Amino acid sequence: MNGRFIGAAIFGIAGVAVLLWLGFWQLDRLQWKLDLIERIETRIHNDPVPVPTDATPGDDRYLPVIAQGRFTGEFANVLSSQREAGQGVRIIAVLETDDGRRLLVDRGFVRESQRDAYVARADGVTVIGNLDWPGDRDSFTPDPDQGRNLYFARDPLPIAEALDTEPVLIVAREDSAAAPPLSTEPISGAALKNDHLEYALTWFMLATVWAVMTIALLWRIRRTSV
């Protein structure tokens, strides 16, 4: 019986240790996410600057920028949804700047039922927003449906290639040409999903349950061995 008792004790202690480690790891992730949100909120509200010619994700993500020019009428639809509005698309439009650059602008959300009312062309436009390289795409993301001009992620590279622009995406905060049914969707740190505290509490609860079950099992083994 000693062998059973020791084996069960080792198994129980190991299980509790793993579950506690996962809980503390989630607490570390929570602090990381809070720091990230603080950095985003601090940066996105700085004074906007002209769009750098050599913008990179490492140095310029969330950089506040300003661009002036015209919306050419070229755009891509990125499948999206909102809790209140339901299914729709994010409009990624081509902005031709006054100095001849062609940039991508995430102008915001349009409901599926109102897509035909979206006005694509506009002159004398001023856009203030933040540079971004969204991490929307993963190995499960479908390829774009070029026939319907429909994309499933806001990855700037394939959209820029299709629309012949620089692979630079401005997420609009202010869009002088924006009008219903278009709803601007600026970057916000508050929009980042942050469930790490709930995950940590879940792991700690599981560790508690595992510990109680281990104690009960050890008590039962000891009783049957007497």
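The values are calculated or read from the model by the stated rules, or taken from the named source; none is laboratory data. The model shown is predicted, which means the values in this text are computed figures rather than measured ones. Cβ placement follows ideal geometry from the backbone for every residue including glycine, while neighbour counts extend to all protein chains displayed. Accessible surface areas use protein heavy atoms only, side chains included; no ligands, DNA or RNA. Shrake-Rupley method; radii C 1.70, N 1.55, O 1.52, S 1.80 Å.
Within segment 50-75, how many residues are within 19 Å of the chain's Cα centre (by Cα) and under 22 Å from A153 (Cβ atoms)?
Within segment 50-75, residues that are within 19 Å of the chain's Cα centre (by Cα) and under 22 Å from A153 (Cβ atoms) number 7.
Tell me which of these M205 doesn't satisfy, since it passes every other one: (1) under 24 Å from L30 (Cβ atoms); (2) in contact (Cβ under 8 Å) with a residue 60 or more places away in the chain.
Of (1) under 24 Å from L30 (Cβ atoms); (2) in contact (Cβ under 8 Å) with a residue 60 or more places away in the chain, only one is false for M205: (2).
Do you know which of the residues in segment 58-75 that are crowded, with 16+ Cβ neighbours inside 10 Å and of a type in the set (D, E) is farthest from D164 (Cα to Cα)?
Only one residue tops the list, namely D60.
Considering only segment 179-196, I want to know if a residue exists there that is closer than 19 Å to V51 by Cα, touching a Lys or Arg at 6+ places or on another chain (Cβ under 7 Å) and either of a type in the set (F, W, Y) or in contact (Cβ under 8 Å) with a residue 40 or more places away in the chain (or both).
Within segment 179-196, the subset closer than 19 Å to V51 by Cα is 186-187.
Now restrict to residues that are touching a Lys or Arg at 6+ places or on another chain (Cβ under 7 Å): 186.
Imposing the further condition that a residue be either of a type in the set (F, W, Y) or in contact (Cβ under 8 Å) with a residue 40 or more places away in the chain (or both) reduces the set to 186.
Yes, segment 179-196 has at least one match.
Can you spot a residue in segment 76-91 that is surrounded by fewer than 19 Cβ atoms within 10 Å (Cβ to Cβ) and out of contact with any strand residue (DSSP E or B) (no Cβ under 7 Å at 6 or more places or on another chain)?
Yes, because at least one residue in segment 76-91 is surrounded by fewer than 19 Cβ atoms within 10 Å (Cβ to Cβ) and out of contact with any strand residue (DSSP E or B) (no Cβ under 7 Å at 6 or more places or on another chain).
Any idea how many residues of segment 1-30 are open to solvent by 100 Å² or more (accessible area, probe 1.4 Å) and of a type outside the set (A, V, I, L, M)? If you could, list the steps in order and put the result at the bottom.
Of segment 1-30, the ones open to solvent by 100 Å² or more (accessible area, probe 1.4 Å) are 1-2, 4, 10-11, 13, 21, 24-25, 28.
Now restrict to residues that are of a type outside the set (A, V, I, L, M): 2, 4, 11, 21, 24-25, 28.
Final tally of qualifying residues: 7.
Suppose we filter T126, T214 for residues that are on the phi < 0 side of the Ramachandran plot and crowded, with 16+ Cβ neighbours inside 10 Å; which single one remains?
Sole residue among the options that is on the phi < 0 side of the Ramachandran plot and crowded, with 16+ Cβ neighbours inside 10 Å: T214.
Looking at (1) aliphatic (A, V, I, L, M); (2) at pLDDT 95 or above; (3) over 18 Å from P144 (Cα atoms), find the lone condition where I92 falls short.
It is condition (3) that I92 fails.
Filter segment 156-196 for residues that are at pLDDT below 90 and among the aliphatic types (A, V, I, L, M); which is surrounded by the most Cβ atoms within 10 Å (Cβ to Cβ)?
Once the filter is applied, the top-ranked residue is I187.
When the residues of segment 132-155 are narrowed to those that are assigned to a loop (DSSP other than H, G, I, E, B) and of a type in the set (D, E, K, R), which ends up least open to solvent (accessible area, probe 1.4 Å)?
D132
Of everything in segment 137-164, what is in contact with a helix residue (DSSP H, G or I) (Cβ under 8 Å, 6 or more places away or on another chain) and closer than 13 Å to F75 by Cβ? Give them in sequence order.
Within segment 137-164, Y151, A162 meet the criteria.
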